[in-house]
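Worksheet: one structure, shown below.
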Amino acid sequence: VLALLLAACTPEKGPRETTQNPTVENVFTQPSTTVTVPGEDAGDLGSLRVSLTTWETDDMGCYLNYTGAEMPLTLSIEASGKVRENGIGFLLFVDGLPQPYRTADEDYAYLHTFYPQLENSCQVELIFTPITGKSGDNLEMYCVSVLNPDFSFTEDDYTGPVYTSWAPPIGFRLNYQQTPPAEVFPQGSPRLSQPEIRKEPLSYSEVGTWTEQDLLESIETHLYANGVTDTRTPCVFGIKESQPIQLRYEIFGSPYVRYHLVFFVDNQPVASQDGTPIFVDVENGQKTIVEAQLDMTGFDTESVLYAVLVPQNYFSTPIRTFATVTPSSPIFLLEFAQEAYYNKIH
């Protein structure tokens, strides 16, 4: 059992009672989030708490001021057990777009990994210049934790959460007091075909147990690679460099939030040839479907795929929702055939 408590920074918009997300309590009242991973003994695999160290608050919730040039984002990390030992990475997003950042010792990249030395609280500083926005804007920013970001499905025996499995996110707003300077940053790899986005009517089997309130406040998402969905420990076997992967992403539920959808391979964002972001919205009674092909050029024995659904207007919706930043679980892309793998492990 893995309990996830999300407590990111969000406005209060009235009480809510639901059984749709029973692990979410006191939702989004402060800019922090916690994940606990019990093993056979409680606390065996460890825990992680991530929070901002300082923030401002207004009637919409929490925010930070951007005053120009590079901006430090200081996070407090409390980690224990295997979660701490295996390292913790962070992905940043501004207005739904993946945001490169650097540390005091490393250049700009989309993900950096930290290894807290002690189980008590420590601080890390992520330094970035926003890639979007201008003076007067108030854009949403999210930080998604990536657990054990160097995990190999074929080489490692660890059985706890990896990558974006149960990765705790935090969210807040970025208040632009200055326009960011034009800078050159790492670019996402152009490995996607132009995505096709369409809507289909929802079936009773998908939402038959949802209440009207659930349909307004909750979302459900699914990621598929060659028909394999991101549940349990999903693997796609027999991957070849010459054959693209068929990607499919589905979302339905609350119609109030609009998103960017970002696909990652080996912790790096991938994009279409023209770099156009994938904009996603949801309509009542409809399922939004995104389909694309992923070019596997350069593939070598193993890769990991996941998607992150990032809101643009979560903090400004007319009602409070649970439609916040949503990482998928990882899907492992493996060169060898399924039969060969099971013969090996048995």
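The values are calculated or read from the model by the stated rules, or taken from the named source; none is laboratory data. Please read all numbers here as calculations on a predicted model, not as lab measurements. FYI the Cβ positions are ideal-geometry reconstructions off the backbone, even for glycines, and counts take in every protein chain you see. The accessibility values were calculated without ligands, DNA or RNA, using every heavy atom of the protein model including side chains. Shrake-Rupley method; radii C 1.70, N 1.55, O 1.52, S 1.80 Å.
Tabulated results
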{"item": "Gain upon complete extension [SER272, THR211; 0.36 nm per residue less C-alpha separation]", "result": "18.3 nm"}
{"item": "Rough spin-label spacing in nm, given labels placed 7 Å along Cα→Cβ, for ASN138 and ARG232", "result": "4.7"}
{"item": "VAL304 long-range amide H proximity, modeled H, under 5 Å", "result": "ASP266, LEU333"}
{"item": "Region 202-285: mean projected area of Cα convex hull, nm²", "result": "7.3"}
{"item": "Packing-based ranking, highest mean first, of 165-175, 68-78, 94-104, 287-297 given that Cβ atoms within 10 Å are counted", "result": "165-175, 94-104, 287-297, 68-78"}
{"item": "Accessible area per residue in Å² at 1.4 Å probe, computed on region 203-346", "result": "44"}
{"item": "Efficiency of FRET from Cβ geometry, SER76 and ILE197, R₀ 30 Å, rounded to 0.05", "result": "0.20"}
